[in-house]
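Step one of this worksheet: look at the structure below.
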């Protein structure tokens, strides 16, 4: 019997090849096991919300916030989007497909109209002295324009199904170019995503990070090595001591940032969030929940995603991930976002700077 696969316009179960002979989904079974073993209640709830896009996903994988979790229903695996790309999984191995571009660079203006994105840095520099340089592609093309002390370099990109990529588009990546720079572990993790759209987003983010860092340190992107910090944030091996980077990928959207200071970046497609009340209890402090509730309905989801990306960017920059419940990090999500209060593990709120598009 065909299983029901649509909730709020997206499929919520693995594709037809992910069920074993017993009719059970190994990925879903592994996901449920992960829920019971995760030490952080907030992360357990967010994993329920995300579903097993990748069974052992970490906050640094860019999995971020997915569709709504409804008590008594199976967890949504996909992010809540209203359209799906029609690629078949085998298409990525088609030579013609590998040659075509699949990730296109976005300007800050273009990205801000379509996406919620945020950057957090730990810095003593005044907010107005920080600069964001949005790159036309995943790398710094001119060696004379290397990273400055109070500068953040940022690459924003779109991949299917968020938008189609034109063959001669500036700053576009092909599947072949991207896969050639990943190592075996990254390739294996990419293959574990259940949907081609999520594989493409992962591929663009991780290849983009390698290409950006390679251009910064003057080494081939495919030779870079990384090792995890205590809580899993990847660190460049044998790189400059102060350099930090962060990446984020949500279906159809990619962000990579690097700086000479602790940095975190997060990105989410703008969309309607269902069951916001339940999710808000995990993500937002009481005062923040009230602000969202009192916001006009048409703007409520956008404000929630702004809160979410600001908080996840902070937790990524701190290299602590969801060991810190996001509702204990309190921010002002207004036109000039700022950190108001953080747990002791994150230091002083005065050390944190936030950057997000104007609202």
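A few notes on this one:
- Averaging the sequence gap over all C-alpha pairs within less than 8 Å and six or more residues apart, then dividing by the number of residues, gives segment 89-267 a relative contact order of 30 percent.
- Taking 7 Å steps out from each Cα toward its Cβ at residue 110 and residue 287 produces label points 3.9 nm apart.
- Compactness of segment 219-359, taken as the C-alpha radius of gyration over 2.2 N^0.38 Å, stands at 1.11.
- Here, segment 168-286 yields an orientationally averaged convex hull projection of 9.9 nm² when only Cα atoms define the hull.
- Fraction of alpha-carbon pairs over 15 Å apart in segment 273-355 - percent: 53 percent
- Ascending count of other beta-carbon atoms within 10 Å, so fewest first, for 118, 229, 174: 229, 174, 118
- The modelled label-to-label distance for the pair residue 297/residue 217, using points 7 Å beyond Cα in the direction of Cβ, is 5.1 nm.
- In segment 278-359, Cα pairs under 8 Å separated by at least six residues give a relative contact order of 25 percent.
- Distance between the pseudo-spin-label points of residue 272 and residue 242 (7 Å out from Cα toward the beta carbon): 4.8 nm.
- Projected area, mean over directions - segment 89-267, Cα convex hull, nm²: 10.5 nm²
- Paramagnetic reach from residue 125 (point 7 Å along Cα→Cβ, amide N under 17 Å) across segment 247-261: 257-261
Bear in mind that the values in this text are calculations on the coordinates, not laboratory data. Keep in mind that what you see is a predicted model, and the values were worked out from it rather than measured. Reconstructed Cβ throughout: ideal geometry from the backbone, glycine too, with neighbour counts over all protein chains shown.
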